[in-house]
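*Asks:* Starting off with a structure, shown below.
Readers should treat all values here as calculations from the given coordinates under stated rules, not as data from a laboratory. Quick caveat: nothing in here was measured; it's all calculated off a predicted structure. Neighbour counts run over all protein chains shown; Cβ positions are idealised from the backbone, glycine included.
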Amino acid sequence: MSAEAANPGAHSRRRGRPRIDLRRLGRAALLGPAGRDRLPDAIGHVAEAHRAHHPDADLAILHKAYVLAETSHRGQFRKSGEPYITHPLAVTLILAELGAETTTLTASLLHDTVEDTDVTLEQVKAEFGAEVAYLVDGVTKLEKVDYGAAAEPETFRKMLVATGNDVRVMSIKLADRLHNMRTLGVMRPEKQARIAKVTRDVLIPLAERLGVQALKTELEDLVFAILHPEEYEQTRALIAENTAAGELLDAMAERFAAVLREADITAEVLIRPRHFVSVHRVSLKRGDLRGTDFGRLLVLVGEDADCYAVLGELHTCFTPVISEFKDFIAAPKFNLYQSLHTAVAGPDGAVAEVLIRTHQMHKVAEAGVIALGNPYVPLEGAEPADGERADPTRPGWLSRLLEWQESTPDPDTFWTSLHADLAQDREITVFRADGRMLGLPAGASCIDAAYAQYGEEAHACIGARVNGRLATLSTVLSDGDTVHLLLAHDSASGPSPEWLDHARTPAARIAITTWLQANPEETKDAAAAPRRPVPVTTERPTDANAVVDLPDATVRLAGCCTPVPPDAVTGFAVRGGVVTVHREECSAVARMKSLEREPIKVSWGDAAACRVTLVAESFGRPRLLADLTEAIATEGAAIVSATVEPPSQSRVRHTYTLQLPDAAGLPALMRAMRDVPGVYDVSRTQHPAATT
C-alpha cells in the first residue's frame with residue numbers, strides 16, 4: 001500500500017490541523033517525566049489542544065496520569081517499534097482535539113495500564129478517583145485465557161454496559177480503535193482484515209450513533225483502504241485527477257460570502273472536502289462526478305434563527321434543488337446531529353451541497369457526545385459511594401441495546417444480535433399512548449414497539465392503534481406515529497412464529513424466539529390466543545395417556561376457531577397439562593385425528609362469558625367502521641382487537657375479536673351487525689390451524 005493509501009483521511013483533512021509526529025512524541029516519552037513545575041514535553045500537544053477547548057482546565061492531574069502511564073509502560077514497545085506510551089498519548093490527543101474534558105483525558109492516558117502493566121484498578125481508583133477508575137475498567141479487555149473465543153464479544157458487552165452509565169467509556173474506545181487502525185499496517189493482512197471488519201460492523205455504527213462524525217469518517221476511510229483496496233485506489237485516483245474541484249468550490253464559497261455580507265448576516269463559509277468513502281458513495285450514485293461533488297460548503301452562524309436567514313438568502317439568490325432540502329434543526333437526528341441541508345445551483349449551472357449550522361451545532365456534529373462533557377452528575381453535589389452512580393439520560397438505541405443484551409447470555413447470540421442491531425442505519429421516534437417517546441430503528445413494526453415498551457409482557461399483545469386507527473401488529477411504523485398497544489391483561493398469551501417475520505429489533509426477536517423454544521408444541525394461531533381458565537370441564541377417557549391431573553388442567557380456547565357455548569367442542573392435550581379446545585367442525589380437529597392424536601371429552605360449565613372472532617363482509621361506504629363498532633357496543637360486547645383489510649372491488653372485510661358477557665347473546669350480536677347498512681354477511685372465523 002502506498003504512503004498515501006496508508007493515510008486515507010489526508011484528503012478530508014488537507015485544510016485542517018496536521019497530524020502530530022508520534023515518533024517525536026515517543027522519543028520525548030523515553031526521556032522520562034519532566035520537572036514538577038511543567039508538563040512533560042511529550043504531552044505538550046495534549047495540553048495545548050485541551051486548553052483550546054477548556055482554557056481554565058487544571059492540567060496537574062494530566063501530569064500525574066502521564067507520569068504513571070509513562071513509568072508503567074516503560075520498556076514496552078508497539079509492533080511498529082515505537083515506545084508503547086505513544087499509543088495512550090495519541091489516543092488522548094485525539095480526544096483532546098475533539099474537546100473532551102479533563103477526566104476523560106486522564107482515563108485515556110491510563111486506559112491500558114490495568115490491562116498491560118502491573119498497575120491495578122484499585123491503585124487507579126486510589127490515585128485518581130472512582131470516575132477515572134470506572135472509565136479505565138470500562139475499556140479494559142477481558143482475558144482470552146479466561147473467556148477463550150468469547151473474550152471479544154464479552155469485552156464489547158462489558159464496554160456497552162459501562163457505556164450505559166457513562167458514554168465516555170465508548171468515547172475512549174473509539175479513539176483507541178482509531179489510533180490502532182492508523183497503525184494497522186504492521187499487522188499481518190489477515191489480522192488487518194479481521195480488525196477492519198469488526199471496526200466496520202461494530203465501532204463505526206457506534207461512532208455514528210454517538211454522533212462522533214470526526215472519528216467515524218476517518219475510521220470509514222481506513223476500513224475502506226483495507227477491505228476494498230481496488231475501489232480505494234480508484235477513488236484516490238479520482239480525487240487526484242480532480243484537483244480543480246477545490247477551485248470551483250472556492251468560487252462558490254466566495255459568492256455565498258458576498259451574498260450574506262450584502263444581507264448583513266454574519267457567517268463563516270468553509271469548504272468541507274468529502275472523505276474517501278463519501279466520494280465513493282457519490283460516484284456510485286451519480287456516475288460521472290462534477291467538480292462540486294468532491295466537497296460541500298459549510299456555513300457557520302451564531303444563532304439558530306441565523307440558519308434560516310442564510311437558507312432564505314441562498315434560496316433567493318441561487319436556484320435551490322428542493323429535493324435536497326432537509327431540516328435537522330427542527331427535527332434533530334437521533335445522534336444529536338443538527339443542521340440544515342440544501343443544494344443550490346449557481347449561474348453557471350454548478351450545483352453545490354450546503355450545510356448550515358451554528359458553531360455549537362458544528363461542534364456537536366463533529367464530536368457528538370464528546371462535546372457534551374461529563375454526563376455523570378453526582379447526587380446532590382456529593383461524591384457517591386460505589387454502586388450509586390447516577391444513570392444519565394441515554395440515547396434510546398442504547399437503552400434498547402442494554403435491555404435485550406440481558407436476555408442473551410450466549411456470546412454468539414449476543415454478537416450476532418449486536419451486529420444486526422447496529423446494521424440499522426436510521427432511527428425513528430414514535431409516541432406511546434401516554435405521550436412518551438420510543439426510539440426504534442427504521443422499518444420497525446408494532447411488534448417491535450410492543451416489546452420496546454412492555455418487554456416480555458408484549459407476549460400478550462393482541463392489536464394496536466396507530467394514529468388512532470386500528471392496525472395489525474405487522475404494521476410498519478413511520479417517524480412521528482402515535483402507537484397505542486392493546487394487551488390482553490386478563491390472560492396469558494404467546495406470540496406467533498409469524499411475528500418473527502415482522503420483528504426488526506433484537507429485543508423483540510430474542511423474546512419471541514425464547515418463548516417459541518419454550519413452547520414448541522403451541523400452534524401458530526393458538527399461540528397468539530389467550531390462555532385462561534374458561535367455563536369448561538374435562539373428562540379423561542379410559543384409553544387416554546401423558547396428561548397429568550387432567551381434571552385440574554388449564555384450558556385454552558383455540559384461536560383458529562374460537563369456540564363459544566353452546567358449540568360442540570373437543571379438546572387435545574398439549575405440553576404442561578394444558579388442554580386446547582376446538583369446535584368439532586374445526587379443520588384442525590380432523591387433521592389431528594388423522595395424526596392419531598387422542599381427543600379429550602370436554603363440556604361447557606355453568607359460566608357463560610366467552611370470547612369470539614367474527615368476520616363482517618360489507619360494501620365500502622363512509623362511517624361503516626363507526627356504525628359497526630356502535631352496533632357491537634350496543635349489544636354489550638367489548639372489542640379486544642380488530643383489523644380492516646384494504647378494500648377490494650368496493651368490498652371490505654372486517655375481523656373482530658370480541659368479549660361477550662354471555663354466550664347466549666352471540667346470535668343477537670351477529671344479527672345486529674348484519675343489520676348495519678352495507679354489511680351483507682357476518683360469520684364465525686375459521687382459520688387454518690397447524691397441528692396442536
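*Asks:* Pull out the extension gain between Ala626 and Asp681, defined as 0.36 nm times the separation in residues minus the alpha carbon to alpha carbon distance; nm, one decimal.
*Replies:* Full-extension gain reported as 18.1 nm.
*Asks:* Would you mind giving the three semi-axes, in whole Å and largest first, of the ellipsoid equivalent to the stretch 610-684 according to its Cα gyration tensor?
*Replies:* Over the Cα atoms of the stretch 610-684, the semi-axes work out to 20, 12, 10 Å.
*Asks:* Pull out the extension gain between Tyr454 and Asp662, defined as 0.36 nm times the separation in residues minus the alpha carbon to alpha carbon distance; nm, one decimal.
*Replies:* Working it through step by step, the gained length comes to 71.8 nm.
*Asks:* Order by neighbour count: Ser171, Ser618, Ser283, Ser323, fewest other Cβ atoms within 10 Å first, most last.
*Replies:* Ser323, Ser283, Ser618, Ser171
*Asks:* OK, next. Antiparallel versus total DSSP beta bridges in the stretch 240-369: what percent is that, nearest 5?
*Replies:* Antiparallel bridges: around 75 percent, rounded to the nearest 5.
*Asks:* So for the pair Glu247, Ala423, with labels modelled 7 Å out along Cα→Cβ, what separation do we get in nm?
*Replies:* Result: 4.6 nm between the two label points.
*Asks:* Taking R0 as 56 Å, what FRET efficiency do you get between Lys601 and Asp201 from their Cβ-Cβ distance, rounded to the nearest 0.05?
*Replies:* Computed FRET efficiency for Lys601 and Asp201 comes out at 0.50.
*Asks:* Then there is this: How high is the FRET efficiency between Asp412 and Val476 when r is their beta carbon distance and R₀ equals 35 Å, given to the nearest 0.05?
*Replies:* About 0.75, to the nearest 0.05.
*Asks:* Can you give the extra length, in nm with one decimal, that the chain gains between Phe77 and Thr643 once fully stretched, where that is 0.36 nm per residue apart less the Cα-Cα distance?
*Replies:* My answer for the length gained is 197.1 nm.
*Asks:* Filter the trypsin sites (Lys or Arg not before Pro) in the stretch 39-140 down to the DSSP loop ones having no more than 11 other Cβ atoms within 10 Å, then list what survives.
*Replies:* Lys79
*Asks:* If the limit is 19 Å between Cα atoms, which of Lys141/Lys363; Lys79/Lys158; Lys141/Lys173; Lys216/Lys333; Lys158/Lys191; Lys125/Lys216 go over it?
*Replies:* Beyond 19 Å between Cα atoms: Lys141/Lys363; Lys79/Lys158; Lys158/Lys191; Lys125/Lys216.
*Asks:* I need the Debye-formula profile for the stretch 231-282: one equal scatterer per C-alpha, no solvent, reported as log10 I(q)/I(0) at q = 0.13, 0.15, 0.30, 0.32 1/Å, two decimals.
*Replies:* -0.44, -0.54, -1.12, -1.19
*Asks:* For Gln360 and Arg432, FRET efficiency with R0 = 30 Å and r from the beta-carbon atoms, rounded to 0.05?
*Replies:* 0.45
*Asks:* Is the shape of the stretch 424-518 rounded, prolate or oblate, going by the alpha carbon gyration tensor and its root eigenvalues a ≥ b ≥ c, with a/c under 1.5 for rounded and a/b larger than b/c for prolate?
*Replies:* It is oblate, given that a/c is not under 1.5 and a/b is not larger than b/c.
*Asks:* May I ask you to order 294-307, 336-349 by the average number of other C-beta atoms within 10 Å around their residues, highest value first?
*Replies:* Highest to lowest by the protection proxy: 294-307, 336-349.
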